[in-house]
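What follows is calculated from the coordinates using simple rules that are stated; it is not laboratory data. Fair warning: this is a prediction, and the values are worked out from it, not measured in the lab. All Cβ positions, even for glycine, are placed from backbone atoms using ideal geometry, and neighbour counts span all protein chains on display.
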Amino acid sequence: MIPAWPAERLGEALEALARKSGLPVKDGNVPRPPATLALHAGLQGQWIEATAAWLGLEVEPMEISYPDLERNLRAGPALMKLSDGSFAAVLVNGRLLSPDLSMKHLKPGILATQLAHGVEAPLTARV
């Protein structure tokens, strides 16, 4: 099972990911996302950017091609959106940071499968 952060804990995930990666972050209460953020995927990126700036971090959206997905999962820190709308917090070397702040080792293929599910699911019925 992939340790996933729900959208309502996105600020905590961003702060924890930065701290575990050794990045300097601003102290204080991290902004909490609005309850409706999970319903607005288009606004999630904007909210992440604004919260990262508040923490003193710089973030950049990243697009990974389907064939390169598994190989790129070792390049952290990164927040990866899962097909169910939750997020995986990926540390360097593909380790995952769970919501209880423990680190989990997960084969990149398992995470890649979960990430690709949203793309593959509509095509599976046609194949």
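Listed values, structure above:
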| quantity | calculated |
| --- | --- |
| Longest DSSP-loop-exposure-free segment, trypsin sites (Lys or Arg not before Pro), the chain, at most 12 other Cβ within 10 Å | 27-125 |
| The chain: most fluctuating residue of Met62, Met103, Met80 per GNM, C-alpha cutoff 10 Å | Met62 |
| Longest to shortest principal axis, alpha-carbon extents of segment 1-57, angstrom | 30, 29, 17 |
| Whole-number D in µm² s⁻¹ for segment 27-71, Kirkwood Cα-pair radius fed into Stokes-Einstein, 10 °C, 1.306 mPa s | 128 µm²/s |
| Sequence-distant lysines (8 or more away, or on other chains) whose Cα lies within less than 27 Å of Lys26 | Lys81, Lys104 |
| Order of Thr124, Thr113 under a 10 Å beta carbon neighbour criterion, fewest first | Thr124, Thr113 |
| Cα long-axis angle, helix 10-20 against the chain (0 to 90 degrees, to the nearest 10) | 80 degrees |
| Crossing angle, helix 108-124 versus the chain [Cα axis fit, 0-90 degrees, rounded to tens] | 60 degrees |
| Helical contribution to [θ] at 222 nm, DSSP H n ≥ 4, -39,500 (n - 2.57), averaged over the chain, rounded to 500 | -11500 deg cm²/dmol |
| Loop sites in segment 2-89: GluC sites (Glu not before Pro), DSSP, at most 16 other Cβ within 10 Å | Glu58, Glu63 |
